[in-house]
Each structure stands twice: as structure tokens, then as C-alpha cells.
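Visitor: Just dropping this structure here.
The values are calculated or read from the model by the stated rules, or taken from the named source; none is laboratory data. Source: prediction; values computed, not measured. Cβ coordinates were reconstructed from backbone atoms using ideal geometry, including for glycine residues, and neighbour counts include every protein chain displayed. The protein model used for the area step is the full one, side chains on, heavy atoms only, and it has no ligands, DNA or RNA in it. Shrake-Rupley method; radii C 1.70, N 1.55, O 1.52, S 1.80 Å.
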Amino acid sequence: MKIGLIGAIDRYNYGDILFPLVVENELRRRLNKSDNFSFVYYASKKNDLTNIGGNKTRPLSSLKLDNVDVAIVVGGEVLTATWNRTYLHTLNSHFKVLVSRILNKIRGFYRSEQYYKSKFNLADLKGFPWVIDKRYYGVHKVLYNAVSGTDFEFIKGDLASLYRDQMKQADFISVRDPLTQSNLEKVGIETPYLFPDSAFKISDIFTKDILKTKINNTNFVGLDDYIVFQVGKDFARGNNKSIIKELEKVIDITDKKIVLLPIGMAAMHEDYIPLKKILKGLQKNYSNKVLYITGNIFDIMYTISKADLFIGTSLHGNITALSYGVPSIGLDARIPKLREFLKYFSIDGQQYDVNYDEISSAALIALEIDKTELSANACKLKKQVDKNFDLIASVLRK
């Protein structure tokens with residue numbers, strides 16, 4: 001049985017890289033070797049992210065040529081991802097992104113979508129990148145693992161009919177938040193399974209001892225008594241001064257170090273851009289209290305797992321913290337997927353939609369959270385993720 005693991009896993013975005021690692025690990029635990037299964041990774045383009053902890057990917061256009069039996073969409077905000085946005089995430093230049101956005105406005109939505117499909121050698125495919133059409137790709141089964149789609153506003157008319165037809169071909173669908181469940185139901189797709197993001201299992205798969213053997217940046221192994229801060233480029237715009245002021249307050253009140261940790265490195269995430277500006281601002285008066293750490297995905301996991309608190313806009317930064325029993329704060333009210341996840345799956349004291357001028361006050365509250373409650377919640381959520389993979393494995397065996 002050849003299993004295609006499919007998603008936006010060809011770019012350096014921490015959460016996207018985690019999905020196939022978790023899915024493969026959990027299915028290997030559940031499938032028998034006698035099932036004679038193998039895994040192949042598919043994304044929008046061919047790429048090799050093994051140097052940062054990811055996988056080698058084949059282009060999605062190869063899926064229908066490779067005699068794949070089962071296609072599993074591995075997770076993430078994929079249900080309403082467009083070809084336009086998928087292409088922009090593959091670019092490595094601000095100028096290219098800007099030019100593409102200008103051309104998209106001139107071409108309009110539908111012409112842009114067709115143009116980018118042709119870029120990926122899928123011009124004759126109807127629909128969206130990560131909505132898998134069985135008939136087109138020739139696969140026997142299609143499964144969606146704890147996926148998400150928080151913006152369905154543009155899926156209307158004929159597009160909604162096509163979307164419904166393709167999603168109803170699925171043999172299994174689980175979603176990671178109630179908003180996605182509601183959105184799918186509105187377009188006529190019943191989704192009985194609601195489970196936490198499967199990345200919640202990372203603390204079981206990658207214990208701190210295992211992470212020590214995988215990290216690149218060993219200079220910070222002994223680091224302790226610190227808070228991790230992260231922010232995405234678009235969300236930081238216009239807020240850097242408030243962030244610097246609030247983080248200075250946090251240092252003054254707690255005497256803890258601040259670790260600036262870029263998590264999203266792909267185009268239109270680019271955490272390193274605002275974080276380097278914030279680093280420069282904090283170093284004026286707190287050079288001995290601020291650090292900037294980069295590395296592979298295991299460096300990110302390890303740094304968050306040992307922190308006293310995580311503050312950030314990254315969904316999977318927050319999920320990593322909660323998986324390892326570290327308090328977290330979800331920044332910015334403009335991120336529905338972050339709000340939905342934390343609101344539904346975290347503890348009662350979880351803070352989300354936090355404004356940038358509220359960071360210091362929110363941090364003081366979060367540092368007082370009972371970690372035993374966080375650990376108990378993490379155990380509960382991992383059991384739910386296990387149930388999700390049990391169901392997926394049962395579908396594969398049929």
C-alpha cells in the first residue's frame with residue numbers, strides 16, 4: 001500500500017513540516033508490517049527540507065503518475081488554500097511577491113488561479129490545491145487529517161458545487177476546530193470528527209532527551225529562566241514599538257531573559273524580519289537579557305519546551321508550548337485559526353486575542369498558571385489525537 005502524505009510541506013514553515021512527521025510516526029505504530037505500506041511526500045513542488053528536519057517532497061503533479069493507493073492530507077489550514085496563495089508561499093523574494101500580487105489584481109481571481117495551476121503543471125485540474133479529487137489523481141482512498149479552513153466566504157455558486165463534490169469523495173475527514181466544522185456543513189459536507197491538531201503529539205514523539213540529539217544550536221542547551229517571543233511579519237507591522245516597550249516591562253518585572261524565536265520562515269510569514277528589529281530595539285538597554293535563536297525544527301521545539309512561557313502569533317508555537325506543558329499567550333485578534341484552537345482546546349485560563357500593548361500584563365497572568373492543569377489538559381488532548389489516528393488506521397485497513 002503506497003500512501004501519499006500531502007500538504008504544504010515544501011516550505012520552511014514550522015507547523016507544516018511537523019504534520020507529515022507526526023502522521024507517519026502514528027500510522028507506523030498502528031499498521032502492521034505485513035500491510036506492506038510505504039510513504040511518499042507530495043507538496044506543490046519538489047523540494048528537500050531534510051536539513052531542517054523535514055522531508056523530500058515530490059510535486060503534486062506526480063501524484064497521478066505514481067500509482068498511489070491512498071492520499072492523506074496531513075493537516076493545516078488547507079481546505080480553502082488557493083493556487084494563488086500556494087504559489088506566493090513558494091517565492092523567496094519580497095519583490096516577486098509584490099509583483100505577483102499586483103498581477104493578480106489585474107488578472108482577477110479565476111484567471112490567476114488558472115495561471116498558477118499551470119505553473120504547477122496541473123492546468124487541467126479543477127478545484128483547490130489540497131482538495132483531492134479521486135477521479136483526477138486515480139487514488140483509491142482520500143483522507144483528511146485534522147484539517148482546517150476558517151475562511152469560506154468566497155466559496156459560492158458553481159465553486160461551492162465543485163468543492164462539495166470533491167470533498168464528498170473523501171473516505172475520512174477530521175477537522176481541528178468547530179469553525180471549520182461549521183463552514184463545511186454550510187456547503188453541505190458533514191464532518192462528524194472533531195479532534196485537536198495532531199501536532200499535539202510531538203512531546204510524546206520527540207521528548208526533550210531525543211530533541212537534544214537532533215538540535216543544531218547546542219550553544220543554548222543550558223539556557224533556563226526565559227520567555228520565548230515570536231511574531232509574524234504582517235502582524236508586527238506598526239506594532240514594533242509597543243512590543244519592545246512591553247517586553248522591556250516583562251524583563252523589569254520578572255528578571256527573565258527574552259528569547260526571540262522565528263518560527264515561520266516561508267514567504268509571507270518571515271518572522272525573522274520583525275524579530276531582528278525587535279532585537280535591535282531591546283539590545284539598547286537589555287543586551288544581556290535578550291537572545292535571538294534560529295535552527296532546525298528541533299531547535300524550535302527544544303527552545304519552547306524548556307521555556308517558562310511562550311508568547312506569539314504562531315498557532316504551532318502555541319501548540320508546541322501546550323504539548324510540553326508550557327503556558328502560552330496567543331497574540332493578535334486577526335488570526336481565527338489561533339483563536340479557534342485555543343478557545344476550544346486549551347484550559348480556562350488560556351489567553352488569546354491579546355493586544356500588543358497588553359503583553360506584559362498577560363505575561364504576569366500566564367506565569368501564574370498551574371502547570372499541572374496544563375499537563376493534564378495535554379494528556380487529555382493527546383488521547384483525542386490517538387483516537388483520530390486509530391480511526392484513520394481502521395479506514396486504511398478496510
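Visitor: Here's a check for you: in region 89-123, which residue that is open to solvent by less than 10 Å² (accessible area, probe 1.4 Å) and of a type outside the set (Gly, Ala, Ser) is modelled with the lowest pLDDT?
Guide: Tyr116
Visitor: In region 351-398, what residues are free of Cβ contacts under 8 Å to residues at least 60 places away in the same chain, open to solvent by less than 20 Å² (accessible area, probe 1.4 Å) and not small (Gly, Ala, Ser)?
Guide: Val354, Leu374, Asn377
Visitor: Please go through region 21-45 and pick out each residue that is surrounded by fewer than 24 Cβ atoms within 10 Å (Cβ to Cβ) and closer than 16 Å to Trp130 by Cα.
Guide: Listed by number, the residues that qualify are Val40, Tyr41, Lys45.
Visitor: Does Ile227 qualify as being over 17 Å from the mean Cα position of the chain (by Cα) and either among the basic types (Lys, Arg) or open to solvent by 50 Å² or more (accessible area, probe 1.4 Å) (or both)?
Guide: Here the answer is no, as Ile227 does not meet what is asked.
Visitor: Let me ask another. So which strands (runs of 3 or more DSSP E) stay within region 1-101 end to end and still have 2 or more residues that are of a type in the set (A, V, I, L, M)?
Guide: It comes to 2-6, 38-43, 70-73.
Visitor: So Lys280 clears everything in (1) over 15 Å from Ile227 (Cβ atoms); (2) open to solvent by less than 60 Å² (accessible area, probe 1.4 Å) except one condition, right? Which one?
Guide: So Lys280 meets the others, but not (2).
Visitor: Looking at the structure I just gave you, is Glu340 open to solvent by 40 Å² or more (accessible area, probe 1.4 Å) and in contact (Cβ under 8 Å) with a residue 24 or more places away in the chain?
Guide: no
Visitor: Which one is least open to solvent (accessible area, probe 1.4 Å) among residues in region 262-277 that are free of Cβ contacts under 8 Å to residues at least 60 places away in the same chain and hydrophobic (A, V, I, L, M, F, W, C)?
Guide: Leu275
Visitor: Every residue in region 286-298 that is β-branched (Val, Ile, Thr) and either open to solvent by less than 10 Å² (accessible area, probe 1.4 Å) or in a strand (DSSP E or B) (or both), please.
Guide: Within region 286-298, Val290, Ile293, Ile297 qualify.
Visitor: Within the bounds of region 244-261, is there any residue that is open to solvent by 10 Å² or more (accessible area, probe 1.4 Å) and under 24 Å from the mean Cα position of the chain (by Cα)?
Guide: no
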